[in-house]
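One structure is given here, and the rest of the page talks about it.
Nothing in this text is a laboratory measurement; each read-out follows from the coordinates by a stated rule. All values derive from a computational prediction rather than experimental measurement. Cβ atoms come from the backbone with ideal geometry, glycine included; neighbour counts cover every protein chain shown.
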Amino acid sequence: MKQLALDIGIASGPTFDGFVAGPNEPALRHLALWVGEPGTPTVHSPVPTYLWGEPGCGKTHLLEAVRGALRAQGASVGWMHAGLMEPPEFDDRWVAILLDDVHAYSAVQQHAAFTWFVNAQSLQRGVVACGDAPPADLHLREDLRTRLGWGHVFHLQMLSDAERRAVLRRAADGRGVLLSDDVLDYMLHRFSRDLGSLMELLSRLDAYALQTQRAITIPLIRAMLENDE
């Protein structure tokens with residue numbers, strides 16, 4: 001059985017409203033309050049926020065929701081991720097810097113992230129970062145690691161099976177797609193369990209069902225996977 005391990009966001013872009021918080025409600029409330037009201041310029045606290053947890057717990061979703069909300073206020077932000085091989089210089093116009101997957105940063109990226117961090121703090125700009133481990137366990141240069149840990153730190157938890165089921169059901173209903181309990185059980189127990197992967201699977205199933213003019217069933221899932229091989 002082929003296991004999907006993708007982490008692809010929803011086409012409209014991750015939002016706070018689209019984040020199913022479950023046990024992560026404190027982190028969601030903190031970031032939504034930090035960002036402020038939609039369309040309203042806000043003075044963002046310069047105290048950094050760091051999110052950590054295993055892949056699929058929603059770290060990047062929240063980071064991208066912050067970016068989207070700030071852009072909706074007409075603000076520009078600095079965004080760094082592990083795939084950005086040559087980070088740009090810090091821009092004084094940024095209201096915040098967002099650092100994704102800091103645990104995977106190269107030496108060059110760590111240097112740039114530290115420089116961004118120092119500049120952001122000197123200008124009283126916001127910092128939101130995320131990684132797969134608590135600050136104390138990050139294998140990063142010490143000056144960056146300690147700065148990531150001195151502010152607000154949230155440990156994000158994975159959603160339960162019941163919560164993932166509810167999310168898939170709601171997303172399917174929004175697409176006008178019927179998912180039986182058997183299909184939901186199959187998706188939850190046979191594929192990568194993080195929510196990003198499951199949402200991508202649902203998107204692929206919806207497209208394949210439309211293409212083949214068939215309802216989404218377990219045989220259809222198997223046929224789609226066989227067609228991919």
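For an R0 of 35 angstrom, estimate the FRET efficiency from the Cβ-Cβ distance between Ala133 and Gln211 and round to the nearest 0.05.
0.25
When DSSP beta bridges are limited to those with both residues in the chain, what percentage is antiparallel, rounded to the nearest 5?
About 0 percent, rounded to the nearest 5.
Quick one: of the DSSP bridges fully inside region 22-155, what percent are antiparallel, nearest 5?
That works out to approximately 0 percent antiparallel.
Round to the nearest 10 and give me the degree value, 0 to 90, for the angle of helix 59-72's Cα axis relative to the longest principal axis of the chain.
So the helix axis and the longest Cα principal axis differ by about 70 degrees.
Quick check on the chain: helices-only [θ] at 222 nm, where DSSP H runs of length 4 and up contribute -39,500 (n - 2.57) each and the sum goes over total residues. Nearest 500, please.
Rounded to the nearest 500, it is -14000 deg cm²/dmol.
Taking the Cα centre of the chain as the origin and placing charges on Cβ (Lys, Arg +1; Asp, Glu -1), which of Leu99, Tyr186, His44 is farthest toward the positive end of the dipole?
Sorting the options by dipole projection puts first His44.
Using the Cα centre of region 46-170 as the reference point, and only Cβ charges (+1 on K/R, -1 on D/E), how large is the resulting charge dipole? Debye, rounded to the nearest 20.
480
Between 0 and 90 degrees, rounded to the nearest ten: what's the tilt of helix 218-228 against the longest Cα principal axis of the chain?
Computed tilt is about 60 degrees.
Hey, what angle do you get for helix 181-190 against the long axis of the chain, alpha-carbon based, 0 to 90 degrees rounded to 10?
So the inclination is approximately 50 degrees.
Under a point-charge model restricted to the Cβ atoms of Lys and Arg (+1) and Asp and Glu (-1), what is the dipole moment magnitude of region 161-228 relative to its Cα centre, in debye to the nearest 20?
That gives a dipole near 100 debye.
Which FRET efficiency value, to the nearest 0.05, is calculated for Leu188 and Ser106 with the Förster distance at 25 angstrom and r the Cβ-Cβ distance?
Computed FRET efficiency for Leu188 and Ser106: 0.10.
What list of ³J(HN,Hα) values in whole Hz, one per residue of region 90-98 in order, does the Karplus curve 6.51 cos²θ - 1.76 cosθ + 1.60 (θ = phi - 60°) give from phi, with Gly and Pro shown as x?
4, 10, 4, 7, 5, 8, 7, 10, 10
Just how large is the dipole of the chain about the Cα centre, in debye to the nearest 20, putting +1 at every Lys and Arg Cβ and -1 at every Asp and Glu Cβ?
With only Lys, Arg, Asp and Glu charged at Cβ, the dipole is about 300 debye.
Among the trypsin sites (Lys or Arg not before Pro) within region 136-229, which fall in a DSSP loop and have no more than 13 other Cβ atoms within 10 Å of their own Cβ?
Loop-located and lightly packed - Arg214.
How much length is gained on full extension from Val47 to Glu86, taking 0.36 nm per residue of separation minus their Cα-Cα distance?
11.4 nm
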